[in-house]
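**Student:** So that we are looking at the same thing, I have put the structure below in structure tokens.
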Amino acid sequence: MPIHIPQNDPQRSLRAIKQKLGSTFEELIESGQYILGSQTTAFEHAWSSYLGVEGCVGVANGTDALYLALRAVEIGPGDEVITVSHTAIATISAIVRTGATPVLVDIDPQTYTLDPAHLAGAWSERTRAIVPVHLYGGMADMDSITAFAEERGLVVIEDCAQSHGSTWGQARAGSLGLLAAFSFYPTKNLGAVGDAGAVVTNQPDLLDRLRSLRQYGWDGNRVSQMAGDNSRLDELQAAILRARLPQLDLENDRRRQLAARYDEDLANLPLRIPTALPPVTHTYHQYVIYVDERDVLMRSLAERGIGTQVHYRQAAHQQPGYTNLVRCVGHLPVTEQVVSRILSLPMFPALLDLEQDAVIQTITTYFGA
């Protein structure tokens with residue numbers, strides 16, 4: 001019988017708590033609160049407590065989370081925001097929506113995250129913020145980034161769409177910048193069963209502003225005091241996220257266990273395995289290898305029923321819809337080299353040991369080892 005090993009399969013984890021989700025759904029129906037009710041409030045409290053921050057504002061998705069975080073500090077037309085081109089296009093889309101210009105710098109060749117060495121060359125009098133993207137479950141160099149930002153009076157907004165539970169020393173991703181944006185897309189380490197997102201911060205005034213921005217700019221009397229949006233975390237998704245949150249650390253432990261096995265068994269092959277530099281505790285949203293002739297290996301694995309993905313095949317500045325909306329600092333040589341060689345192997349908490357055996361054996365055989 002042919003094997004089929006997906007690159008990611010959130011359905012397996014959901015099946016494990018299906019009974020709990022069923023009772024949660026019944027409670028929600030009976031409550032009669034379907035928009036910004038008790039489930040959203042409870043999840044916002046639980047998530048901010050988990051991260052160790054003052055508060056959380058649930059929104060419709062991760063892109064909205066970053067967009068509203070930028071809006072909360074009044075970033076808009078004429079401003080510049082420094083970030084990376086090696087990221088989900090959502091990062092760039094959120095900045096463009098504000099009217100600001102994304103200024104893209106190159107990445108560190110080991111961590112694939114923003115290289116702080118390029119910040120000085122990216123800064124201008126129009127720079128308002130830095131958005132470090134904590135990619136693949138790792139984290140950008142927050143000590144260097146926050147030090148640079150403080151010297152120049154810049155805002156740091158963490159893009160934590162792929163770093164649920166990751167830590168920089170003792171601090172969780174999302175607690176180090178002025179604000180942080182999270183996505184709970186179904187494939188994330190903490191995933192909903194649809195779109196969902198959140199913004200977190202330690203600043204009460206920003207929390208109030210975010211709550212207004214997510215709902216038309218309303219004040220307590222439903223009068224729009226500013227131009228806002230309709231971006232509310234759905235009660236059903238909030239309930240599901242509450243049900244799943246207690247398992248996040250255990251599932252991240254499983255991801256690290258799988259990553260350690262990949263590290264050990266692929267170490268002597270002609271490819272580069274992920275790097276988790278201190279003081280980061282990686283949560284392996286993706287396990288990304290760097291390999292020449294990436295597409296050939298990808299096809300070989302697919303022929304044997306093993307799913308892989310490329311995150312991301314084109315950098316943001318290479319995508320036609322955004323080429324004229326961004327400013328690159330230099331030619332981004334590391335970024336352009338990385339996107340042609342990276343490959344995400346199967347990685348999710350419910351991946352079976354036997355399935356990982358098959359992935360490792362197939363890769364080893366491919367290289368003739």
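The values are calculated or read from the model by the stated rules, or taken from the named source; none is laboratory data. Bear in mind the structure is a predicted one, so any value in this text is a computation, not a measurement. Because the Cβ atoms are built from the backbone with ideal geometry, glycine has one as well, and the counts that use them run over all protein chains shown.
**Student:** Go over the candidates 92, 75 one by one and state the one that is at pLDDT 95 or above, in a loop (DSSP other than H, G, I, E, B) and not polar (S, T, N, Q). Before the answer, list the steps.
**Tutor:** Working: 92 fails: in a loop (DSSP other than H, G, I, E, B).
Result: 75 is the single residue among 92, 75 that is at pLDDT 95 or above, in a loop (DSSP other than H, G, I, E, B) and not polar (S, T, N, Q).
**Student:** Let me ask you something else. Within the group 229, 205, 234, which residue is of a type outside the set (A, V, I, L, M, F, W, C), surrounded by 18 or more Cβ atoms within 10 Å (Cβ to Cβ), over 18 Å from the mean Cα position of the chain (by Cα) and not assigned by TED's automatic domain parsing to the domain that holds residue 354? Walk me through how you get there before you give the answer.
**Tutor:** Details: 229 fails: surrounded by 18 or more Cβ atoms within 10 Å (Cβ to Cβ); 205 fails: surrounded by 18 or more Cβ atoms within 10 Å (Cβ to Cβ).
Only one candidate qualifies: 234.
**Student:** Given the conditions (1) under 18 Å from residue 228 (Cβ atoms); (2) polar (S, T, N, Q); (3) at pLDDT below 95, report the number of the one that residue 38 does not fulfil.
**Tutor:** Condition (1) is where residue 38 drops out.
Every residue, every condition in (1) basic (Lys, Arg); (2) touching a strand residue (DSSP E or B) at 6+ places or on another chain (Cβ under 6 Å); (3) closer than 21 Å to residue 95 by Cα; (4) at pLDDT 95 or above, yes or no:
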| residue | (1), (2), (3), (4) |
| --- | --- |
| 178 | no, yes, yes, yes |
| 181 | no, yes, yes, yes |
| 196 | no, no, yes, yes |
| 199 | no, yes, yes, yes |
| 211 | yes, yes, yes, yes |
| 221 | no, no, no, yes |
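**Student:** For the condition at pLDDT below 95 and of a type in the set (A, V, I, L, M, F, W, C), what is the one hit in 250, 236, 269, 245?
**Tutor:** Values: 250 fails: at pLDDT below 95; 269 fails: at pLDDT below 95; 245 fails: at pLDDT below 95.
Sole residue among the options that is at pLDDT below 95 and of a type in the set (A, V, I, L, M, F, W, C): 236.
**Student:** Also: Within the stretch 146-161, track down each residue that is in contact with a helix residue (DSSP H, G or I) (Cβ under 6 Å, 6 or more places away or on another chain) and crowded, with 24+ Cβ neighbours inside 10 Å. Give the derivation first.
**Tutor:** Taking the stretch 146-161 as the starting set, the residues that turn out to be in contact with a helix residue (DSSP H, G or I) (Cβ under 6 Å, 6 or more places away or on another chain) are 148, 156-157, 159, 161.
Once the filter is applied, which keeps residues that are in contact with a helix residue (DSSP H, G or I) (Cβ under 6 Å, 6 or more places away or on another chain) and crowded, with 24+ Cβ neighbours inside 10 Å, the stretch 146-161 yields 157, 159, 161.
**Student:** Return yes when residue 69 is aliphatic (A, V, I, L, M), assigned to a helix (DSSP H, G or I) and either surrounded by 20 or more Cβ atoms within 10 Å (Cβ to Cβ) or at pLDDT below 95 (or both) and no when it is not.
**Tutor:** Yes: the conditions hold for residue 69.
**Student:** Considering the stretch 17-35 alone, what residues qualify as being in contact with a helix residue (DSSP H, G or I) (Cβ under 8 Å, 6 or more places away or on another chain) and either among the aliphatic types (A, V, I, L, M) or more than 13 Å from residue 240 (Cβ to Cβ) (or both)? Show your work before the answer.
**Tutor:** So in the stretch 17-35, the residues in contact with a helix residue (DSSP H, G or I) (Cβ under 8 Å, 6 or more places away or on another chain) come out as 17, 20-21, 24-25, 27-28, 31, 33-35.
Across the stretch 17-35, the qualifying residues are 17, 21, 28, 31, 33, 34, 35.
**Student:** Being in contact (Cβ under 8 Å) with a residue 40 or more places away in the chain, assigned to a loop (DSSP other than H, G, I, E, B) and charged (D, E, K, R) is the filter; apply it to the stretch 265-318 and report the residue that is nearest to residue 161 (Cα to Cα).
**Tutor:** So the residue we want is 292.
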